[in-house]
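Undergrad: Below are the structure tokens for one structure; questions will follow.
The values are calculated or read from the model by the stated rules, or taken from the named source; none is laboratory data. These figures come from a predicted structure and were not determined experimentally. For neighbour counting, all protein chains shown are included, and Cβ atoms are generated from backbone atoms with ideal geometry for every residue, glycine included. Quick note on the areas: whole protein, heavy atoms, side chains included, nothing else; ligands and nucleic acids left out. Shrake-Rupley method; radii C 1.70, N 1.55, O 1.52, S 1.80 Å.
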Amino acid sequence: MNNDPLSHGLWEATVPSLSPGTPLAKEIVADAVIVGGGFTGCSAAFHLAAAGLAPVVLEAEDIGFGGAGRNVGLVNAGMWVMPDDLVASLAAPYGERLVSQLGEAPRLVFDLIERLGIDCEAVHRGTLHCAVGRKGHGDIAERARQWRARGADVRLLDAREAAHFTGSQAYAGALLDRRAGTIQPLAYVRGLADHAARGGARIHTRSPVIAYEDLGSAWRISTPAGQVVAPWVIMATDAYSRGACADIRREQVMLPYFQLATRSLSPELAATILPGRQGAWDTRSILSSFRLDAQGRLVFGSVGALRGLGKAIHADWGQREIARLFPQLGKVELEYRWYGRIGMTGDAVPRLHLHGRNMVSVSGYNGRGIAPGTTFGRDLARLALGEIGLEDFSLPLSDLRAAPFGGCRSAFYEAGAQLAHFTGSRFHQPVHRGS
């Protein structure tokens with residue numbers, strides 16, 4: 001996208017060819033206009049079209065340009081914060097309602113993939129939250145306890161079992177969440193967009209929103225070359241919001257995240273890493289994630305941006321860290337490198353906003369965009385359809401407020417990740433040898 005191999009990397013190189021959208025070039029009338037072509041926007045468009053409405057999607061770049069095209073591809077349940085903390089952060093009845101919805105959200109994703117036949121390398125065999133050291137093990141043990149108290153299909157693994165499931169001796173244990181899985185995220189979101197278009201949605205890419213006007217009974221949404229008039233507006237731009245939608249981005253602190261992909265491993269080597277084909281991430285503050293794609297490439301990621309000094313620092317650290325975790329691979333050759341940003345809210349909980357009459361948004365997925373975006377996109381469609389009201393959401397309405405010192409904090413996270421990986425590439429932490 002935009003002729004930049006660092007923006008979408010492996011995902012763009014391996015996405016199936018789908019019908020591209022076209023820029024909006026006239027004034028049209030729609031049942032709803034959706035601003036943003038990511039997980040939330042394409043889910044909303046699909047569910048509206050499936051109900052017989054004619055929505056319009058306005059995407060400033062291409063479908064999946066933002067977080068949906070740079071996502072790690074782990075379809076996880078819940079958020080980064082523990083279930084009890086999520087409940088405590090919201091007044092009743094929202095907390096438990098939100099935990100329940102997010103716990104069930106991966107099932108919605110995989111059901112849609114199966115029902116629609118979306119070609120996106122879907123593997124529904126769970127994910128692994130890998131414990132680094134004693135503190136990390138305590139964290140996943142408590143997380144397991146809280147999820148099991150809610151009937152979730154999770155299992156706590158000891159160090160020996162974690163080594164079997166990951167192929168690495170580095171971890172003190174792991175939490176296997178069988179509700180979760182992995183996908184090729186750009187292929188998934190483009191598949192949703194394609195099925196929305198087949199159902200009657202109109203997809204307009206290269207169509208940034210520059211203004212919106214309340215006409216009383218409808219909204220007029222303007223792009224550089226056209227306009228859409230519709231009674232409902234769904235803002236689905238999240239961390240990549242800009243222009244007329246920029247306030248949604250300013251509410252969040254941006255955390256950069258990069259991914260590296262090796263060349264395809266031999267079948268023999270690939271069989272030694274994640275033999276069950278789960279996706280994985282660890283408990284460090286500056287976390288790492290890893291998974292295999294359908295062609296046997298190891299995809300490895302962590303906090304940081306591949307620009308300036310970070311471009312070399314993070315790639316060098318990544319190669320060394322892969323060799324540390326999986327010494328059987330030796331020094332691997334990287335085929336793809338790319339990065340994006342994660343929008344973080346102050347309490348790591350998503351936000352529901354009413355921007356005006358019949359203009360709504362859900363944003364702030366805190367690195368968990370796939371399942372929450374899909375389920376909240378469906379809810380926003382149901383709201384526009386009149387099937388539910390705002391009071392039926394699992395999130396309370398909240399005011400839109402800029403994050404204090406958001407730009408400074410984002411810069412601090414980027415610099416901190418560079419420093420951690422610069423020192424980490426020279427002083428390796430020992431591999432855990434649990435029994």
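Undergrad: All but one of (1) assigned to a loop (DSSP other than H, G, I, E, B); (2) open to solvent by 30 Å² or more (accessible area, probe 1.4 Å); (3) more than 22 Å from HIS8 (Cβ to Cβ) hold for GLN328; which doesn't?
TA: The failed condition is (1).
Undergrad: Checking SER17 against (1) assigned by the TED database to the domain that holds ALA105; (2) open to solvent by less than 60 Å² (accessible area, probe 1.4 Å); (3) closer than 24 Å to ARG291 by Cβ; (4) at pLDDT below 95, which single condition isn't satisfied?
TA: Against the list (1) assigned by the TED database to the domain that holds ALA105; (2) open to solvent by less than 60 Å² (accessible area, probe 1.4 Å); (3) closer than 24 Å to ARG291 by Cβ; (4) at pLDDT below 95, SER17 comes up short only on (2).
Undergrad: Restricting to segment 252-279, what's the tally of residues that are open to solvent by 30 Å² or more (accessible area, probe 1.4 Å) and closer than 25 Å to ARG179 by Cα?
TA: 4
Undergrad: Report yes if ALA163 is assigned to a helix (DSSP H, G or I) and more than 22 Å from the chain's Cα centre (by Cα), otherwise no.
TA: On the way: assigned to a helix (DSSP H, G or I): yes; more than 22 Å from the chain's Cα centre (by Cα): yes.
The answer is yes for ALA163.
Undergrad: If we scan segment 344-362, do we find a residue that is assigned to a helix (DSSP H, G or I) and surrounded by 15 or more Cβ atoms within 10 Å (Cβ to Cβ)? Please lay out each step first, then the result.
TA: Just the residues of segment 344-362 that are assigned to a helix (DSSP H, G or I), to begin with: none.
No, segment 344-362 contains no residue that is assigned to a helix (DSSP H, G or I) and surrounded by 15 or more Cβ atoms within 10 Å (Cβ to Cβ).
Undergrad: Looking at the structure I just gave you, is ALA174 in a loop (DSSP other than H, G, I, E, B) and either touching a helix residue (DSSP H, G or I) at 6+ places or on another chain (Cβ under 9 Å) or without any contact (Cβ under 8 Å) to a residue 40 or more places away in the chain (or both)? If you could, list the steps in order and put the result at the bottom.
TA: On the way: in a loop (DSSP other than H, G, I, E, B): no; either touching a helix residue (DSSP H, G or I) at 6+ places or on another chain (Cβ under 9 Å) or without any contact (Cβ under 8 Å) to a residue 40 or more places away in the chain (or both): yes.
Criteria not met by ALA174.
Undergrad: Given the conditions (1) in contact (Cβ under 8 Å) with a residue 24 or more places away in the chain; (2) of a type outside the set (Phe, Trp, Tyr); (3) under 17 Å from ASP392 (Cβ atoms), which single one is not true for GLU96?
TA: Unmet for GLU96, out of (1) in contact (Cβ under 8 Å) with a residue 24 or more places away in the chain; (2) of a type outside the set (Phe, Trp, Tyr); (3) under 17 Å from ASP392 (Cβ atoms): (1).
Undergrad: Hey, another quick one. Just to verify a result, which residue in segment 185-200, among those that are aliphatic (A, V, I, L, M) and farther than 17 Å from ALA60 by Cβ, is surrounded by the most Cβ atoms within 10 Å (Cβ to Cβ)? Can you show your working first?
TA: Pass one, segment 185-200, residues aliphatic (A, V, I, L, M): 186-187, 189, 192-193, 196-197.
From what's left, farther than 17 Å from ALA60 by Cβ: 187, 192, 196-197.
Details: ALA187: 24, LEU192: 32, ALA196: 27, ALA197: 20.
Per the criteria, the residue is LEU192.
Undergrad: Does any residue of segment 387-397 turn out to be of a type in the set (A, V, I, L, M, F, W, C), part of a helix (DSSP H, G or I) and either surrounded by 18 or more Cβ atoms within 10 Å (Cβ to Cβ) or at pLDDT 95 or above (or both)? Working first, answer last.
TA: In the first step, residues of segment 387-397 are kept if they are of a type in the set (A, V, I, L, M, F, W, C); the result is 388, 390, 393, 395, 397.
So of that shortlist, the ones also part of a helix (DSSP H, G or I) come out as 390.
Now drop any that are not either surrounded by 18 or more Cβ atoms within 10 Å (Cβ to Cβ) or at pLDDT 95 or above (or both), which leaves 390.
The answer is yes; a qualifying residue exists.
Undergrad: Please list, ordered by residue number, the strands (runs of 3 or more DSSP E) wholly in segment 179-297 having 1 or more residues that are without any contact (Cβ under 8 Å) to a residue 40 or more places away in the chain. Spell out the reasoning first.
TA: Details: elements: 202-204, 211-214, 219-223, 226-230, 233-235, 253-262, 279-282, 288-292.
Hits in segment 179-297: 211-214, 219-223, 288-292.
Undergrad: Can you name the condition, by its number, that ARG341 falls short on among (1) over 13 Å from the mean Cα position of the chain (by Cα); (2) assigned to a strand (DSSP E or B)?
TA: (1)
Undergrad: Follow-up. Pick out, from segment 23-116, the strands (runs of 3 or more DSSP E) lying fully within it that include 1 or more residues that are surrounded by fewer than 20 Cβ atoms within 10 Å (Cβ to Cβ) and in the same structural domain as ARG242 (by the TED database). Full working, then the answer.
TA: Details: elements: 27-29, 32-35, 55-58.
Output list reads 27-29.
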